[in-house]
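The values are calculated or read from the model by the stated rules, or taken from the named source; none is laboratory data. Everything quoted here is computed from the prediction, not taken from an experiment. Glycine also receives a Cβ, built like all others from the backbone with ideal geometry; neighbour counts cover every protein chain displayed.
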């Protein structure tokens, strides 16, 4: 990360068509198993630690306790070969394309978690509530955007 | 994607610590260059096509015209070696950690775009507004979550 690369003139960061994620941190949580985790953070999930790698830590500057952030994770227990699921694993519901659901099983099991930063301890953020299990790699952190409009700008 | 793998008992989908993204589609837009693109979709960005690969297309079932979705992209022109930027490239603003900004330059240049589905044409979705440039790989699509609470559940 320290070396300065030439800006590629075309293509995928000169990485070919299958770019590699580089985890910038990890979730440390009391949730140890996928079966224990609520389906969404607001459904009774606990707070957890987000431990950021020392190499990536300068990227945290400007994040403040009390603010909301979007934690982008790699749901490492997700199955990448699944394209249809029953929402919320409910056998009564019909098979639905994974892109119309928040299932962790999907071709690229990226998780989006909107959380509040409770406190900051050097390169560790106390965040929550978050349903990600212990050991989940974190690949990005983004601020929540504010909009004067009626519509949420959170994800744009 | 068609083969059924054993569920790994630990680790990162048995892919090691640097999982590879597999693009599921691509953005086709009149925006051809990063310099032309507005910084956010709501800042005058156009509509665009999201072309989904035929292999991933079954995952679209259940997405409806008129709904809002979150398109997750790989910002292929982003620079991965950047950890601090001046927000909105404004030289008056002080250097800020990339995780406190929406800069496309960041260790894992993942883009989140909340858009409206205008129409669906087989494996192509007309979406917008979106600031992603032509050729941007798409790695995931998620529904926007609705919450009865005061707080947006969009990203959780």
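Quick rundown of the values:
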{"quantity": "From the options B:44, B:35, B:66, residue that is touching a strand residue (DSSP E or B) at 6+ places or on another chain (Cβ under 8 Å) and either in contact (Cβ under 8 Å) with a residue 12 or more places away in the chain or not in a loop (DSSP other than H, G, I, E, B) (or both)", "calculated": "B:66"}
{"quantity": "Residue list for region B:56-88, restricted to those being surrounded by fewer than 17 Cβ atoms within 10 Å (Cβ to Cβ), more than 7 Å from every other protein chain (Cβ to nearest Cβ) and modelled with pLDDT of 95 or more", "calculated": "B:64, B:65, B:66, B:67, B:68"}
{"quantity": "Search result, residues across region B:71-88 that are touching a residue at least 40 places away in the same chain (Cβ under 8 Å) and not in a strand (DSSP E or B)", "calculated": "B:75, B:76, B:77, B:88"}
{"quantity": "Meets criteria (free of Cβ contacts under 8 Å to residues at least 40 places away in the same chain, at the interface with another protein chain (Cβ under 7 Å from one of its Cβ atoms) and over 21 Å from residue B:32 (Cα atoms)) for residue B:91", "calculated": "no"}
